[in-house]
Amino acid sequence: MTQGRIIKVAGPLVIADEMRGADMFDVVRVSDKNLIGEIIEMHGDRASVQVYEETAGLGPGEKVVSTGKPLSVELGPGLIGSIFDGIQRPLEEIMRMCGTNLQRGIDAPSLPREKKWHFTPLKKAGDAVVGGDTVGTVRETAVVNHKIMLPAGLSGRIKEIKEGDFTVEETVYTVETEKGEIDLTLMQTWPVRKGRPYKRKLSPDTPLVTGQRVIDALFPIAKGGVAAVPGPFGSGKTVVQHQLAKWAAADIIVYIGCGERGNEMTDVLNEFPELKDPRTGSSLMERTVLIANTSDMPVAAREASIYTGITIAEYFRDMGYTVALMADSTSRWAEALREMSGRLEEMPGEEGYPAYLGSRLAQFYERAGRVEVCGSEAAEGALSVIGAVSPPGGDISEPVSQATLRIVKVFWGLDSSLAYKRHFPAVNWLTSYSLYAESLSGWFNENVKPDWFALRGRLMATLQEEAELEEIVKLVGMDALSAADRLKLETARSVREDFLHQNAFDETDTYTSLFKQYLMMKLIMNFYDKASDAIKKGASVEKIVAMPSRESIGRFKYVSEKNIENEYSGIITALEMDIKEALEASVTE
């Protein structure tokens, strides 16, 4: 164990000398207060330590002790439903220990040590096992069957394995390896900065269905994909991430509040336990891990929270689960990097951010993916990462947004002008994109309807034409447009207001199945096709626009899933009658 002494304190940065036996990224304990930190730079025997707690009151001469181990997380039963801080301390346990005022240097085991879990073995004595093999299961919650896996890098034969109730520290099974016998428990540890291993990455050809129409229909994300949600203050980034956490077709949700305001994490803590999971009927917290690192917590811990969250997410991916990770927001993490870089007196990059900002973001996002997991049995897991970006003033030309856009494949650009018009989700359909759309088209055509992707293309083209026509309207007025162009504008308005606008707080509208989304797109395009034919035959565009059935199309999003087919048929029938009446009325005039 290496012990040095402080020679300088600069905010969250502590410089210590006499640290020759320590290594990069070792966890250290600073001063008698036992503050936790991590070595981020070494020059000879001088170490620069990033301290994850408040450093007020520290001074030169106080001790710095290296543990000789990298910052690691505990992985095992007890993760689901827990609320951790950035360095995986359980906040509920800490509150029991010291009340609502978090004390410095306080430590608590990440996983509960007294609680017993019932272990059911899937292997027996004599079985050969390799790293990643599931040796048994623990029913952690009503919806999560926690698979106990042989830690990566080990292989051998099981000498003994027991069924029963165990704490995370008690020996459950023993494996004979080439280096001797190893006693193993329900828990394993893993260094957070090192990605967990897998056999190979698979192509992203299956969508992560979210129930959010603007995402699923126009800008889909693949299972194992990466997406960015940039937008100015008040444009709805957090609500979008909450919606994805609630409704995305993922087995496990890891939600990281990285440097955001405390009230936003409070919303999550209040809402999630009460929300019913649409697939299981249980509380959403029964498949969620929360990492709360709010803006009033020490800046340096933001970096740890990002790595802690993605390591936990990779652990559940290795069990063969589909995991969705929400990071809100990576801009706050980048600000922490900028502060530490400044304290280290490194050469600054653009806007003071460190020159390695892009590579750090890439290291984080590249840990996402749909993979064939380790182990002797063929299985796959997926980890999708959705990162919010908070550019100052919504200016996405700033370094964090630009570095993120070079990495991610999906860009859901939130627009303050849409938010001011109360159009939510405020995803700008002209600037957003998904590079997964083409590779996912086959899945949608096969699993929803064969013309899904063709309908999506027509919707996108309609919105694009609307933008072009609006420029003409600004110049010469609406009256200068032909009847066909006015119909295009009306159809685009229907796409925006009846399809893209979605109320996150309405019981029915908050989630839309893919089949219902298909019917909604079909209704709008049916209206356009039939109205277009009628206009060619002499129908008045004013009478077409005023048809009563158009209101039914707008209300279709509030129809419950069980009634959509009957309602759809009724609207199509009414639409045909209205078109016929409008045509007859126009001809008689």
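The values are calculated or read from the model by the stated rules, or taken from the named source; none is laboratory data. Quantities reported herein were computed from a predicted structural model and do not represent experimental measurements. Don't worry about glycine lacking a Cβ; one is built from the backbone with ideal geometry, like all the others, and counts go over all protein chains shown. Quick note on the areas: whole protein, heavy atoms, side chains included, nothing else; ligands and nucleic acids left out. Shrake-Rupley method; radii C 1.70, N 1.55, O 1.52, S 1.80 Å.
Values computed for the structure shown
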read-out: Among (1) more than 23 Å from the chain's Cα centre (by Cα); (2) closer than 30 Å to E507 by Cα, the one test that V229 misses; value: (1)
read-out: Any hit, the stretch 480-501, residues being in a loop (DSSP other than H, G, I, E, B) and either β-branched (V, I, T) or open to solvent by less than 30 Å² (accessible area, probe 1.4 Å) (or both); value: yes
read-out: Lone unmet requirement of (1) at pLDDT below 90; (2) part of a helix (DSSP H, G or I); (3) touching a helix residue (DSSP H, G or I) at 6+ places or on another chain (Cβ under 6 Å) for A539; value: (2)
read-out: Enumeration of residues in the stretch 381-410 that are closer than 30 Å to D318 by Cβ and open to solvent by 10 Å² or more (accessible area, probe 1.4 Å); value: L405, R406, I407, K409
read-out: Tally, over the stretch 313-359, of residues that are among the charged types (D, E, K, R), at positive phi and assigned to a loop (DSSP other than H, G, I, E, B); value: 1
read-out: Per-region count, the stretch 537-573, residues touching a residue at least 40 places away in the same chain (Cβ under 8 Å) and either farther than 25 Å from R456 by Cβ or among the aliphatic types (A, V, I, L, M) (or both); value: 13
read-out: Test for T210: is it among the β-branched types (V, I, T), part of a strand (DSSP E or B) and either free of Cβ contacts under 8 Å to residues at least 40 places away in the same chain or open to solvent by 10 Å² or more (accessible area, probe 1.4 Å) (or both); value: no
read-out: Matching option when the condition is at pLDDT below 90, open to solvent by less than 10 Å² (accessible area, probe 1.4 Å) and hydroxyl-bearing (S, T, Y), among S329, S295, S341, S305; value: S329
read-out: Checklist (1) surrounded by 21 or more Cβ atoms within 10 Å (Cβ to Cβ); (2) in contact with a helix residue (DSSP H, G or I) (Cβ under 7 Å, 6 or more places away or on another chain) applied to T311, failing item; value: (2)
read-out: In the stretch 228-256, the residues that are more than 19 Å from V268 (Cβ to Cβ) and either out of contact with any helix residue (DSSP H, G or I) (no Cβ under 8 Å at 6 or more places or on another chain) or without any contact (Cβ under 8 Å) to a residue 12 or more places away in the chain (or both); value: A249
read-out: Selection from the stretch 257-287 of residues that are touching a residue at least 40 places away in the same chain (Cβ under 8 Å) and among the basic types (K, R); value: R287
read-out: Residue in the stretch 397-415 that is outside any helix (DSSP H, G or I), in contact with a strand residue (DSSP E or B) (Cβ under 9 Å, 6 or more places away or on another chain) and aromatic (F, W, Y) present; value: yes
read-out: Every residue from the stretch 367-378 that is surrounded by fewer than 18 Cβ atoms within 10 Å (Cβ to Cβ) and either touching a residue at least 12 places away in the same chain (Cβ under 8 Å) or part of a helix (DSSP H, G or I) (or both); value: E372, S376, E377
read-out: Conditions (1) open to solvent by 30 Å² or more (accessible area, probe 1.4 Å); (2) over 29 Å from P399 (Cβ atoms): number failed by P191; value: (2)
read-out: Among residues of the stretch 136-162, those that are of a type in the set (D, E, K, R), in a strand (DSSP E or B) and over 18 Å from R279 (Cβ atoms), counted; value: 4
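Every residue, every condition in (1) touching a helix residue (DSSP H, G or I) at 6+ places or on another chain (Cβ under 9 Å); (2) part of a loop (DSSP other than H, G, I, E, B); (3) within 30 Å of I39 (Cβ to Cβ), yes or no:
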{"position": "E170", "(1), (2), (3)": "no, yes, no"}
{"position": "D183", "(1), (2), (3)": "no, no, no"}
{"position": "G195", "(1), (2), (3)": "yes, yes, yes"}
{"position": "K201", "(1), (2), (3)": "no, no, no"}
